[in-house]
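Enquirer: First, the structure itself, so that you have it in front of you.
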Amino acid sequence: MDDHNKRVIETALLCAQEPLTVADLSRLFVEDITTADIDEALVELQRAWDDKGMELVHIATGWRFQSRLSMREYLDRLTPEKPPKYSRAVLETLAIIAYRQPVTRGEIEEIRGVAVSSNVMKQLEDRGWVEVIGHKDTVGRPGLYATTKQFLDDLSLTNLQSLPILEDAAPMAAAEQLGQAVIEFDPSATVETVIIEESEVSEITESTEAGEENTEAVVEDAAEEPTQEATEETAEEISPESDKQADETK
């Protein structure tokens, strides 16, 4: 693509109030411009802005220019309003939804170990980070929560696979108690699904039950053996005294 067309794409992205997709950018030109040409132009623009305070990024809803993280401390001086701070409960709830979605409110409470207040869910929904995408086929049909594209855009993520990998296994272990497994992401799907490995759950259950039976058997044997030995020793001690009393009576 020539420099003029690249300049057109650059100008459109700088002036756009929302991210633009490749399809949006293709409408800038009367002549036929292939998506491959636009993709190539976008990559070249990214390189051209490498040494500047702005960067061109690809997020969930398209392409956009944004300030670099190193510029934040300077830009904050122009806006005295501080960004809202979220409580630990809000952030923990958001993390569980992001990594375990789709998930019900009851399952969030099971993982956190405490009740989730309505205010917490309202904050996340008002921010546009989570939404109800359906209902679970169980008693009461509770709502299933999942993250939105707005959540990905605000974190400058392309998709959920871009989330950082969990280093602490504790949240995953707590989630497995609910019968859930790790999310399998399908690039072509719009909503991620949780795959429950029923065979693994049944194997763990069987091995646990077998271990409990073996433990009970060992405990019973250990309890019976000392009792039998103590009975024999007591009989040996009592027998001579009984014989002596019998001789004195005679």
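Enquirer: Of everything in region 1-41 that's among the charged types (D, E, K, R) and outside any loop (DSSP other than H, G, I, E, B), which residue is surrounded by the fewest Cβ atoms within 10 Å (Cβ to Cβ)?
Expert: Filtering region 1-41 for residues that are among the charged types (D, E, K, R) and outside any loop (DSSP other than H, G, I, E, B), the one surrounded by the fewest Cβ atoms within 10 Å (Cβ to Cβ) comes out as D3.
Enquirer: Another question about this same structure. Search region 129-169 for residues being of a type in the set (S, T, N, Q) and either touching a helix residue (DSSP H, G or I) at 6+ places or on another chain (Cβ under 7 Å) or in a loop (DSSP other than H, G, I, E, B) (or both), and hand back the single one that is surrounded by the fewest Cβ atoms within 10 Å (Cβ to Cβ).
Expert: Once the filter is applied, the top-ranked residue is T138.
Enquirer: Kindly indicate which of K122, K149, K136, K85 is more than 14 Å from the chain's Cα centre (by Cα) and in contact (Cβ under 8 Å) with a residue 40 or more places away in the chain.
Expert: So the residue among K122, K149, K136, K85 that is more than 14 Å from the chain's Cα centre (by Cα) and in contact (Cβ under 8 Å) with a residue 40 or more places away in the chain is K149.
Enquirer: Where in region 42-127 are there helices (runs of 4 or more DSSP H), lying fully within it, with 1 or more residues that are in contact with a Leu (Cβ under 8 Å, 6 or more places away or on another chain), within 23 Å of G143 (Cβ to Cβ) and of a type outside the set (S, T, Y)?
Expert: Correct list: 88-100, 105-112, 118-126.
Just so you know, all these numbers are worked out from the coordinates, no wet-lab data involved. Keep in mind that what you see is a predicted model, and the values were worked out from it rather than measured. Positions of Cβ are backbone-derived with ideal geometry, glycine not excepted, and every protein chain shown enters the neighbour counts.
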